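Here is the structure we will look at.
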Amino acid sequence: MPLDRYDVTPDKLWTEEECRELLRVANNDGRSIADQIRNLLQNNTALTELKKPNPGSGPG
């Protein structure tokens, strides 16, 4: 896996410190995503907008 979007050597050997940092960032990102989903689920206006069908995407 690349260390960041500029890392062009995804086959490199990772140090333990790099692996821990990647896991820390991924864990924080996962929490942020879960927080955003929880906030959306608690917002009835946002849920109504998200549940609206897209024009032209219906059956047929």
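Report the gain in length on full extension from N43 to E18: 0.36 nm times residue separation, minus Cα-Cα distance, nm rounded to one decimal.
5.2 nm
So between D29 and N54, what do we pick up on full extension, going 0.36 nm a residue minus the alpha carbon distance?
Full extension from D29 to N54 adds 6.1 nm.
Can you check what the net charge comes to around E18, using other residues whose Cβ is under 11 Å from the Cβ of E18 (Lys, Arg +1; Asp, Glu -1)?
Charge balance near E18 sits at -2.
Taken together, the values in this text are just the output of simple stated rules run on the coordinates, not laboratory data. None of these values were measured; they are calculated from a predicted model. Virtual Cβ from ideal backbone geometry, glycine too; neighbours counted across all protein chains shown.
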